[in-house]
Amino acid sequence: MLTYVLRRLFIAIPTLLLISVVIFFLVDLAPGSPASEIPLTVPPEVRAKILESLGVNAPFHVRYLLWLKQFFWVEPMYAIDYLFGTDYAQGAQRIISYSSRSPVFNIIIERLPQTLTVIGTAYAVAILIALPIGIYSAYRQYSWVDQLGTFVSMVGYSVPTFFTGVVLIVIFAVKLQWFPSIYDTTLRITDWGSLWKQIHQMILPVAVLGLYNAAEISRYTRSSMLENLSQDYVRTARAKGMSERVVVLKHVARNSMIPVVTIIALGLPGVFGGAIVTEQVFKINGIGAALIGAIHANDLPMVQTITFITAILIVTFNLIADILYGVLDPRIRYD
Amino acid sequence: MPNGAKPVLQVRGLKTVFRTRTGEVHAVNNVSFHLQRGELLGVVGESGSGKSVTMMSLLRLLPAPPAEIRAGEVLLNGRDLLQMGADELRDVRGGKVGFVFQDPMTSLNPVFTVGMQITEALRKHMGLSKAAAETRAVELLQLVGIPDARKRLKAFPHQFSGGMRQRVMIAIALACDPDVLIADEPTTALDVTIQAQILELVKELRAKLGMAIIWITHDLGVIAGIADRVMVMYGGQVVEQAPVRELFANPQHPYTRALLKTIPKISGEREARLKVIEGQPPMLSAAPSACPFRERCEYRHDRCNAENPLRRAVDGREVGQGHDVACHWQAPAPAARETAHA
Ligand SMILES: Nc1ncnc2c1ncn2[C@@H]1O[C@H](COP(=O)(O)OP(=O)(O)OP(=O)(O)O)[C@@H](O)[C@H]1O
Ligand SMILES: [Mg+2]
């Protein structure tokens, strides 16, 4: 197992390097220039200076290598310095956002909590709802719970979140006025009142994203359960006199969860990337919103960095999913 | 009753129907039989004759829907399993009645250790502690001839060969000292030498533990070697039933006679088994109002098309007690008895 993990990590390095080149190249090809963000009133010499200081005009490979060094060397140094109060970085140049001129990682750190609370909660809620529904609707196939679950999942999965989001806003925020339509990112939780307010404003976005994720996970759970329910070992368990509870929740669920856990693990990088659309609809100032903003502003370092972090997470969670598979399924041995 | 003993299992008028989209399938039709303590009843019949569905109906193991048990009673020690509450029935399953299924490759749960799958039943039915259950599981694995038993408890099913898995299945079925062991073609999926080993094992266990056994098979050769009594099924019905020597010496039903002819003289010619009976097995889409075997029967006459024959005694004893057959045709008395294969 350990050798397998090490080997996979080793293979991940060239993969990620290749991804980083491709991302860098594609982002670079995109039309538009960071110069357009500089006000027109700025005199041309100053404008040239600014662009120069940003390193915009250097050749592609120079900018790429610099970014690579900053990403893998300088930024970790700063992180260590920050955590342990050391000074390894010694003022080295960090990855700087073109538009805000502050370090990209600072922006990410600042935005991350919004994304994690809303998107993360939505994902957690989705899992908690989806698993029991998926298990029950498979066990009672074609019951009304199953039919309803199928219908809601179809809707949840096929209707895009910008539509469900807007519909929920119109109904619950505008018409009924039960919830705010805009997420207040400046809210600080200091007491029960503000905690309640936070939960209150999270409900709509969590519902929109949760519905979407729950739809997918519950479908997976259901079909995996169905597949296992018709297996011979289920009959053996019943013939041994096991209760339905044990048969379904122990024997069948334990087998069915193998692919479902994998799907859940593979979905986790999406939590970091934020749900771009949902963040947009509810004006949540998270990573997804930062990425969209950066794309509009031709803020190349920001776009590259966020995209690349997402890529790292995807590669990592793929590995985690594979490891989980091996842990959950004794028939699989990695060596 | 022979010996005046009460049978451990008594099945009367069992009727099981599958309701499918294309209509009903009458898989088990008015099946009655009994099983004495310590007796080995062989059940033969070609594929689709309703052997498995009959046995699974006894313990209500069929998924409902589509299966529906329409009629009958299944008395285990005098108590009707078909009328029992779910909890009580679960005490019978794996407790008083052990079940071994056809395919050992898929009948064990792949993600749990063999030890867990044995102890689970022990803990439920016998209320054993974890340690006590494990000790008993080791004994069971030794009983069914699995070497290095204590270590093997921690192994997963995929780490066993097919024959070893079937031994594990037998260990599970025997775990709680059942009165009845139902073995549904336990050796069909295994190769010939392993089959022979499993057969030996069951004979030995039967001598040692003395439970009653229902042994389902395609293979009359196997039946001849181990059974006390034989029940022949065709089209969801019992067409003939007799003590094993009697059946081989004096088969009555045309189907049984055809079956006996298909037994290879030298064991090993396995291709020649049941396929040589001409014709197709019957469609079971309607409750039969005629003899299910008539299409393939060389002795067919008008009555066979009009009336499904009831089981009638051949040797003057009560139906079910001696030799009986469900056929309108009267087989000629055997010229001599030395033709017996048994
Ligand atoms: N789930 C089901 N739905 C519909 N029909 C079924 C179902 N299960 C079994 N049957 C039908 O019941 C009949 C008897 O099947 P059964 O499995 O008892 O045969 P068998 O004698 O055990 O055959 P084999 O020797 O192949 O195991 C068959 O005609 C089969 O098509
Ligand atoms: Mg069968």
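The values are calculated or read from the model by the stated rules, or taken from the named source; none is laboratory data. None of the values given here were measured: they were computed from a predicted structure. FYI the Cβ positions are ideal-geometry reconstructions off the backbone, even for glycines, and counts take in every protein chain you see. Ligands, DNA and RNA are excluded from the accessible area calculation, which covers all protein heavy atoms including side chains. Shrake-Rupley method; radii C 1.70, N 1.55, O 1.52, S 1.80 Å.
Numbers below:
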| read-out | value |
| --- | --- |
| Where labels lie 7 Å past Cα in the beta-carbon direction, separation of residue A:68 and residue B:88 in nm | 7.7 |
| Accessible-area composition of segment A:2-84, carbon plus sulfur, in percent [1.4 Å probe] | 77 |
| Dipole magnitude of chain B about its Cα centre (Cβ charges: Lys, Arg +1; Asp, Glu -1), debye to nearest 20 | 480 |
| Residue-level accessible surface for residue B:18, protein heavy atoms, 1.4 Å, Å² | 40 |
| Modelled FRET efficiency - R0 22 Å, residue B:77 with residue B:126, Cβ distances, 0.05 increments | 0.75 |
| Over segment A:109-328, relative contact order from alpha-carbon pairs under 8 Å, at least 6 apart, % | 30 |
| Square roots of five times the Cα gyration tensor eigenvalues for chain B, Å | 35, 22, 19 |
| Of all accessible heavy-atom area on chain B, the percent that carbon and sulfur account for (1.4 Å) | 52 |
| Length-normalised contact order for chain B - Cα pairs under 8 Å, 6+ apart - percent | 20 |
| Accessible-area ranking of A:181, A:230, largest first, probe 1.4 Å | A:230, A:181 |
| Surface accessible to a 1.4 Å probe, residue B:176 within the full protein complex, Å² | 20 |
| DSSP loop GluC sites (Glu not before Pro) with at most 10 other Cβ within 10 Å: longest gap in chain B | B:1-268 |
| Positions from segment B:61-102 whose accessible area shrinks by 40 Å² or more when the full protein complex is built, not the chain alone, probe 1.4 Å | B:61, B:90, B:93, B:101 |
| Helix-only [θ]222 nm of chain B, DSSP H runs n ≥ 4, -39500 (n - 2.57) each, per residue, nearest 500 | -8500 deg cm²/dmol |
| Counted charge near residue B:51, where neighbours are those whose Cβ lies closer than 12 Å (Asp, Glu -1; Lys, Arg +1) | -3 |
| Estimated inter-spin distance, residue A:155 and residue A:21, nm [label 7 Å along Cα→Cβ] | 4.9 |
| Average beta-carbon neighbours from other chains, 10 Å sphere, peptide B:103-114 | 5 |
| Angle in degrees between helix B:192-209 and the longest Cα principal axis of chain B, rounded to the nearest 10 | 80 |
| Accessible area per residue, Å², the protein assembly as shown with all protein chains present, probe 1.4 Å | 48 |
| Positive-pole candidate from A:300, A:325, A:143, dipole of the protein assembly as shown, charges at beta carbon | A:143 |
| Rel. contact order, % - alpha carbon contacts under 8 angstrom, at least six apart, segment A:222-335 | 25 |
| Distance-filtered residues of segment B:141-155 - backbone nitrogen under 19 Å, label point 7 angstrom along residue A:4 Cα→Cβ | B:155 |
| Residue with peak Gaussian network fluctuation, chain B [Cα springs, cutoff 10 Å], from B:228, B:315, B:324 | B:315 |
| Cut-off under 5 Å, modelled amide H: who pairs with residue A:96 long-range | A:104 |
| Cα gyration tensor category, rounded, prolate or oblate, for the protein assembly as shown with a/c compared to 1.5 | prolate |
| Counted charge near residue B:294, where neighbours are those whose Cβ lies closer than 11 Å (Asp, Glu -1; Lys, Arg +1) | -1 |
| In Å², nearest 10: area of residue B:190 left accessible to a 1.4 Å probe | 20 |
| Area buried, chain B against chain A - accessible surface, total, 1.4 angstrom probe, square angstrom | 2100 |
| Extension gain, residue A:141 back to residue A:244 (0.36 nm per residue minus Cα-Cα distance, nm) | 35.6 nm |
| Label point distance in nm, residue A:101-residue A:176, each placed 7 Å from Cα along Cα→Cβ | 4.8 |
| Charge tally in the Cβ shell below 14 Å around residue A:14, where Lys, Arg are +1 and Asp, Glu are -1, residue A:14 excluded | +2 |
| Among A:312, B:189, B:288 the positive-end extreme of the charge dipole of the protein assembly as shown (Cβ point charges) | B:288 |
